[in-house]
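Before any comments, here is the structure.
The values are calculated or read from the model by the stated rules, or taken from the named source; none is laboratory data. Just so you know, these numbers come straight off a predicted model, no measurement behind them. So basically every Cβ, Gly included, is an ideal-geometry build from the backbone, and we count neighbours across all protein chains shown.
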Amino acid sequence: MSKPYTVVRTITVEAPCERVRALVNDFHEWPKWSPWEDIDPAMRRTFSGPEAGVGAGYAWEGNRKAGKGSMKVTGDTPQQVDIDLRFEKPFPANNRIELVMTPRGDTTTAVEWRMHGELSGFTRVFSVVKSMDSLIGPDFEKGLAKLKSAAESA
């Protein structure tokens, strides 16, 4: 039996929605803001599909902390980018990411980063010790702060 979870964090960015979206729907831009890009300097990365938008893919394999997995953009609208996230290591997991960008006037955007998944097997046992929110939430906060900086300096 599995247990669903959702992790959500938000930030306000002083940049138009289009600029934020360009950093989110193109995996080539993720090194500018992803909280995990610096975990393993020797991490192997591959890109597939279109440059950006629906079908764009990204896979990585790194040290024990970085693990191995892949992402694929499954939805891309002016205000939301949906991503299928799959981990192979350190443990298998499938998650759904939603990056929602809500314009607040012409030059400000509220960004909400959501991750939905299911705890089962090892992850369910691990969640007894630490919640997914407390495990992933700080990474989302770091990533959103870096996204804000990248979008505002562009």
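Within the range 76-96, the set of residues being farther than 12 Å from residue 21 by Cβ and either out of contact with any Ser or Thr (no Cβ under 7 Å at 6 or more places or on another chain) or surrounded by fewer than 16 Cβ atoms within 10 Å (Cβ to Cβ) (or both) comprises 84, 85, 86, 87, 88, 89, 90, 91, 92, 94, 95, 96. Screening residue 51 with (1) out of contact with any His (no Cβ under 8 Å at 6 or more places or on another chain); (2) surrounded by fewer than 16 Cβ atoms within 10 Å (Cβ to Cβ); (3) within 22 Å of residue 154 (Cα to Cα); (4) modelled with pLDDT of 95 or more gives one miss only, at (1).
Scanning the range 72-94 for residues that are within 19 Å of residue 3 (Cα to Cα) and at pLDDT 95 or above yields 84, 85, 86.
Looking at this structure, is residue 106 modelled with pLDDT under 95 and either over 13 Å from the mean Cα position of the chain (by Cα) or under 21 Å from residue 144 (Cα atoms) (or both)?
Yes: the conditions hold for residue 106.
Report yes if residue 135 is buried (at least 17 other Cβ atoms within 10 Å of the Cβ) and modelled with pLDDT under 95, otherwise no. Give the derivation first.
On the way: buried (at least 17 other Cβ atoms within 10 Å of the Cβ): no; modelled with pLDDT under 95: yes.
For residue 135, the condition - buried (at least 17 other Cβ atoms within 10 Å of the Cβ) and modelled with pLDDT under 95 - is not met.
In a residue-by-residue description of the range 66-73, the property of being buried (at least 16 other Cβ atoms within 10 Å of the Cβ), more than 12 Å from the chain's Cα centre (by Cα), hydrophobic (A, V, I, L, M, F, W, C) and over 22 Å from residue 146 (Cα atoms) applies to no position. Close contacts from the range 34-59, counting a first residue that is more than 19 Å from residue 75 (Cα to Cα) and a second that is assigned to a loop (DSSP other than H, G, I, E, B), with Cβ to Cβ under 6 Å and a gap of 6+ residues or different chains, come to 39/65; 39/66; 40/62; 40/63; 40/66; 43/62; 43/66.
So how many residues does the range 97-111 have that are of a type in the set (Val, Ile, Thr) and buried (at least 16 other Cβ atoms within 10 Å of the Cβ)? Before you say what the answer is, go through the steps one by one.
Step one: filter the range 97-111 for residues of a type in the set (Val, Ile, Thr), giving 97, 100, 102, 107-109, 111.
Those left that are additionally buried (at least 16 other Cβ atoms within 10 Å of the Cβ): 97, 100, 109, 111.
Residues meeting the conditions: 4.
Among the criteria (1) surrounded by 15 or more Cβ atoms within 10 Å (Cβ to Cβ); (2) under 15 Å from residue 26 (Cβ atoms); (3) at pLDDT 95 or above, the one residue 37 does not fulfil is (3).
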